[in-house]
Each structure stands twice: as structure tokens, then as C-alpha cells.
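> The structure follows.
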Amino acid sequence: MLDRLPFLVGLRYVRAKRRNHFISFISLTSMLGLMLGVAVLILVLSVMNGFDHELRTRILGMVPHTKIEAREGLVEWEALAERLTQRERVIGAAPYVEQQGMFSAGGRNQGAMVNGIHPDWENQVSIIGKHMRQGELTDLVPGEWNVVLGSMLARQLGVGVGDRVMLLVPEASITPAGVFPRLKRFTVSGIFSVGADLDANLAYANIEDMQTLARLGDAVGGLRLELDDLFLAGSETQAILNELGSSYRGTDWTFSHGSLFQAIQMEKRMIALLLTVIIAVAAFNIVSTLVMVVTDKRADIAILRTIGATPRSIMGIFIVQGLAIGLIGIAVGVAVGIVLALTISDVIGWFESALGIQFLDAGVYFISDLPSRLHWDDVRDIVLAAFGLTFLSTLYPAWRAARVQPADVLRYE
């Protein structure tokens with residue numbers, strides 16, 4: 001019976017109605033604080049995960065995981081592409097020719113990176129085909145000098161499908177009349193939108209047209225590779241270069257966009273740390289609750305000690321009581337947090353409809369709704385952190401209860 005004493009008495013103290021309503025109020029406040037802290041932390045981390053996923057799928061869906069280039073250009077690129085796609089990590093390869101230039105139309109000028117692509121190969125390494133608003137990649141027919149523009153780039157130039165734009169590349173052509181910048185007129189055959197800054201500075205043309213413009217002959221600028229795990233891009237790129245030899249060079253996505261995702265991860269950690277403080281404050285409210293309970297139950301403690309309860313059992317009673325309060329708050333908080341994380345997009349949509357406002361304008365942000373992705377690893381870590389803080393908050397009041405001397409208390413009863 002004494003072995004079960006901490007659980008029986010501790011749980012009874014949780015259920016019992018108190019004469020001191022202030023103690024009940026503090027207990028309820030601690031429970032609600034834990035619930036709100038856990039729920040908000042789950043929701044915020046899920047939204048951060050959603051933003052991180054959107055950035056990865058949209059930006060890194062357009063940016064190559066790895067680029068392999070040769071010093072003199074790649075001529076027999078088909079054979080190299082077949083060789084590289086046989087590697088375990090490589091799931092796609094496509095040739096490209098990159099050319100920095102400036103588009104001009106109707107007196108408006110805008111710089112952009114023009115990617116010469118092979119329409120039949122590009123879908124292996126890019127999501128561009130899934131984000132075409134107008135036209136198709138197959139409209140990039142060799143010799144027709146068509147171009148696909150990002151939506152923001154087309155808006156800045158004031159052009160649409162069927163309009164013509166002039167591309168000026170930073171290379172000079174020497175003619176009998178003198179030195180002139182190299183110019184070429186393109187027809188806009190399509191517009192894409194991925195909802196990121198790439199819409200403002202990226203364009204696509206047929207690879208054969210860009211080979212002609214760049215005077216590469218049959219060579220291409222390099223191969224773009226898609227990997228099954230983008231976080232292994234650095235090691236996989238180095239392994240490929242070691243296999244191909246010193247005449248090749250390669251870069252991966254971390255050189256161009258690595259700092260962006262590092263910033264997101266750092267922001268996620270800092271927000272998690274700050275919100276954990278909220279949980280800590282709520283958990284340590286349990287300290288004041290249990291200290292007042294110990295003071296209120298000194299006579300009960302003394303009676304239990306006289307019938308054989310050990311100081312360890314007395315400590316267990318108040319640890320059980322504190323953990324019960326904490327676990328109720330944590331359990332409700334986890335339930336609320338999971339529900340909000342799974343439905344936040346619908347909730348925000350309802351508020352937008354009810355209030356007639358838009359929280360995320362697609363013209364300003366790269367998304368129009370609030371993304372959320374619930375990771376169960378985050379839920380597990382939050383629960384463990386909250387439980388650990390709750391357990392720590394019970395130790396001091398339980399220790400004080402174990403030090404109560406029966407003789408000193410019962411002397412005045």
C-alpha cells in the first residue's frame with residue numbers, strides 16, 4: 001500500500017476541491033500556460049517547416065542541385081549524361097548554356113540570366129514545366145528564337161506571349177563597320193511563375209539557339225544534375241569531379257542559395273528557443289502552486305509520516321501532483337497544436353473571407369497562403385522539453401515537503 005501511496009495521494013490532490021481557491025487558480029494558470037506554450041510552439045514550427053518546404057520545392061526546383069562543366073565546353077554531353085545518371089544519387093541530367101544579358105522592349109530594360117535548355121531533357125532537373133502560366137517548353141523550337149520569361153520579368157518589360165524582345169549580351173561583335181554589342185531579337189512564347197525572385201531574373205531559350213548566340217558550336221555549357229538528396233550535393237559533386245578528372249569543374253546549390261536556407265534554420269532554432277521560454281515560465285508556475293499546496297497540507301504530511309510514510313514517498317506525492325498538472329496541460333496543448341498545424345491554412349482562409357482582407361499577397365510574397373507541415377520529430381522534442389521542465393519544477397516543493405517534521409506540525413494541532 002505504501003508503495004502506491006505517492007500515486008494515490010498525488011492524483012487525489014489533483015482532483016480534490018480546495019478550500020484555498022487561489023491555489024486552484026494558480027494550478028489552472030500553470031496548466032493553461034503549458035497548453036498555450038506547447039500549442040503555439042507546435043504551430044509556429046510547423047509554419048516554419050512549411051515555409052522551408054515551399055522554398056526548397058520552388059527555388060531549388062528551379063536551381064540545379066549540381067552543375068558539371070568542362071573547361072572547353074562539353075561536346076559529347078549525351079554520353080556523359082548517361083554515365084552520370086548511372087550513379088546511385090543522380091536521378092536526372094540535362095544540358096544547358098547560360099548567358100547573362102539584358103532584355104529590352106518598348107524602352108524598358110531589364111537584366112536576366114538566360115538558360116539555354118533542351119525541352120525534352122529539362123523536366124528531369126527542373127519543375128519549370130509544371131509552372132508554365134502561358135505556352136509550353138516545347139514551343140522552344142530550334143531556329144525560331146523563342147524565349148520563355150518569368151512572370152515578373154515579363155511584367156517589368158511590359159510584354160506578353162507573341163511580343164518581341166531584344167536580348168543584348170555582354171560580348172562584342174567585330175564587323176567592318178566597327179565593334180558592336182551582340183544583339184538578338186526573340187519572340188516571347190511562354191511565361192512561367194514559381195512565386196519566387198527567379199520570376200524576375202530568369203528566362204529560357206532553346207539550347208541550340210543559345211549555342212549559336214554564344215558561338216559554342218556543338219558544345220554546351222555543362223550538365224545540370226538532380227540528386228535524390230539535395231543535402232548531399234557537396235559530397236556528390238566532389239565524388240563526380242574526382243571520377244571525371246581535373247579537366248572538369250563543378251558547383252552545387254549551396255554556393256548560390258545555401259545562405260538562405262541556413263538563415264531559415266537559424267531563425268527556426270531561435271524562435272523555438274524563445275517559445276520554449278514561454279513553456280518554462282508556465283512550468284515553473286507549478287513551483288509556486290506546489291509550494292502553497294505543501295504549506296496547506298502540512299498536517300496531512302505529518303499524519304502520513306506518523307503512519308510510516310518515508311520522506312521519499314512524501315516527495316513522490318508532490319512530484320506526481322506536479323507532473324499530473326503538467327501532463328494535462330501538455331496533452332491538451334499537443335492536441336490543440338496538432339489541430340491548428342493541420343488546419344491553419346483553412347483557418348486563415350476563413351478569416352480572410354470573413355474580414356475581406358488578404359494576409360499574404362501573392363504580389364508581395366512568393367506564396368498566397370500560409371504553409372504548414374507538421375513534423376512528428378518536432379512534436380516529440382516539444383513534449384520531452386515540456387515534460388523535463390515540468391519535472392524540474394516539482395523537485396524543490398517536493399523536497400520541502402519531505403523536510404516537514406511531524407512533531408513540529410502536530411504539536412499545534
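The values are calculated or read from the model by the stated rules, or taken from the named source; none is laboratory data. None of these values were measured; they are calculated from a predicted model. In this analysis, Cβ positions are derived from the backbone assuming ideal geometry, glycine residues included, and neighbour counts consider all displayed protein chains. Just the protein is used for accessible areas: all its heavy atoms, side chains included, with ligands, DNA and RNA removed. Shrake-Rupley method; radii C 1.70, N 1.55, O 1.52, S 1.80 Å.
> Report, in debye and to the nearest 20, how large the dipole of the stretch 218-357 comes out about its Cα centre when Lys and Arg carry +1 and Asp and Glu carry -1 on their Cβ.
1120 debye
> Using r as the Cβ-Cβ distance of Val347 and Glu72, and R0 as 51 Å, what FRET efficiency do you calculate, to the nearest 0.05?
The calculated FRET efficiency here is 0.35.
> Leaving out ligands, DNA and RNA, and with a 1.4 Å probe, what % of the accessible surface on the stretch 108-227 is carbon or sulfur?
50 percent
> Taking the alpha-carbon distance from Lys297 and a cut-off under 16 Å, which aspartates and glutamates remain once sequence neighbours fewer than 8 residues away in the same chain are dropped?
Once the sequence-local aspartates and glutamates are set aside, what remains near Lys297 is Asp408, Glu413.
> Rounded to the nearest whole Å², what accessible area per residue is found for the stretch 304-347 with the 1.4 Å probe?
Per residue, the stretch 304-347 has 43 Å² of solvent-accessible surface.
> Please turn the phi angles of the stretch 227-232 into ³J(HN,Hα) values with the Karplus equation 6.51 cos²θ - 1.76 cosθ + 1.60 (θ = phi - 60°), one per residue in order, whole Hz, x for glycine and proline.
10, 6, 9, 5, 7, 9
> Another question, if that's okay. Two decimals is fine: what's Rg over Rh for the stretch 46-94, C-alpha atoms, Kirkwood radius as Rh?
1.16
> Ok, one more. Taking the solvent-accessible surface of protein heavy atoms with a 1.4 Å probe, what is the per residue accessible area of the stretch 108-254 in Å²?
Result: 45 Å² per residue.
> Would you be so kind as to identify which of Gly106, His131, Ser27 lies farthest towards the positive end of the dipole of the stretch 24-161, taking Lys and Arg as +1 and Asp and Glu as -1 on Cβ and the Cα centre as origin?
Most positive-ward Cα: Ser27.
> Taking only the Cα atoms of the stretch 187-334, how large is their convex hull per residue, in Å³?
Convex hull volume per residue, Cα atoms: 224 Å³.
> Could you size up the charge dipole of the stretch 290-362 around its Cα centre, putting +1 on the beta carbon of Lys and Arg and -1 on that of Asp and Glu, and report it in debye to the nearest 20?
720 debye
> Same structure, new question: Treat every Asp and Glu Cβ in the stretch 202-244 as -1 and every Lys and Arg Cβ as +1, leave all other atoms uncharged, and give the resulting dipole magnitude about the Cα centre to the nearest 20 debye.
Charge dipole, the stretch 202-244, about its Cα centre: 240 debye, nearest 20.
> May I ask for the Kirkwood hydrodynamic radius of the stretch 94-215, worked out over all distinct Cα pairs and given in angstroms to one decimal?
Averaging 1/r across every pair of different Cα atoms and inverting gives 14.3 Å.
> For the stretch 190-245, just run the numbers: alpha carbon Rg, then divide by 2.2 N^0.38 Å, N being how many residues it has.
Taking N as the residue count of the stretch 190-245, the ratio is 1.53.
> Just to be sure I understand the model, the point goes 7 Å from the Cα along the line to the Cβ. What's the resulting Thr310 to Gln405 distance in nm?
Result: 2.2 nm between the two label points.
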